[in-house]
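Below is one structure, written out as structure tokens; the observations come after it.
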Amino acid sequence: MIGPNFSIIIKGEILCLKKTGRQRPSPRHPAEPVAVDRKTVIGDQISIEGAIRGKENLLIEGSVKGSIEVKAHHLTVGVKGQVEAEILAANVTVSGRLTGNIKATGRVEITKEADFNGEIKAKSISVEDGAYLKAVIEMEREPLKSVSPSGKPEGKMSSEPIKEPMILAGKSSKGN
């Protein structure tokens, strides 16, 4: 059973998805379990083709082709994982093979076991020695604040570059 935290749109068959994590009773409603550190595992004998969307952490040890969206959660491509996908997640750790694009609102980690080919857009990235990485990387950052002569910040500056006319040096057309 996949449960309320994941929806999968696929072509083909799913043999099983494992859900792991501890549950603790809520102090307000002792009879109602609350998810803590929950994650769904796609095992190494599973192949999925299609779109995966979820509201909890996801570990992929199998094969996935398509798109993966876990916006506020952590996606891990395990050592046995083979993924070809467009990924949207808070944080991503790659230890297996991943071909595609990652858009993370937080951090992307490429471990020494990883084989990554694609584009990464994130606030921070780390790459361990020994990892294979062929990527276009765009680091996002907070807009810069300017300081007025009085020493107080004036507010956020535009992240757009200032366009000024450029004068090129070269031969003059004045007959020289």
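With both labels modelled 7 Å from their Cα along Cα-to-Cβ, the Glu86 to Arg141 distance reads 2.8 nm. Legend: distances between Cα atoms for Lys112/Lys134; Lys65/Lys112; Lys39/Lys71; Lys103/Lys123; Lys55/Lys134; Lys39/Lys103; pairs beyond 18 Å are Lys65/Lys112; Lys55/Lys134; Lys39/Lys103. With a cut-off of 12 Å between beta carbons, the residues surrounding Glu140 carry a summed charge of +3, where Lys and Arg count +1 and Asp and Glu -1. A simple spin-label model places the labels of Asn101 and Asp44 3.2 nm from each other, with each point 7 Å out along Cα-to-Cβ.
Just so you know, all these numbers are worked out from the coordinates, no wet-lab data involved. Everything quoted here is computed from the prediction, not taken from an experiment. Every residue, glycine among them, receives a Cβ derived from its backbone with ideal geometry; neighbour counts consider all protein chains shown.
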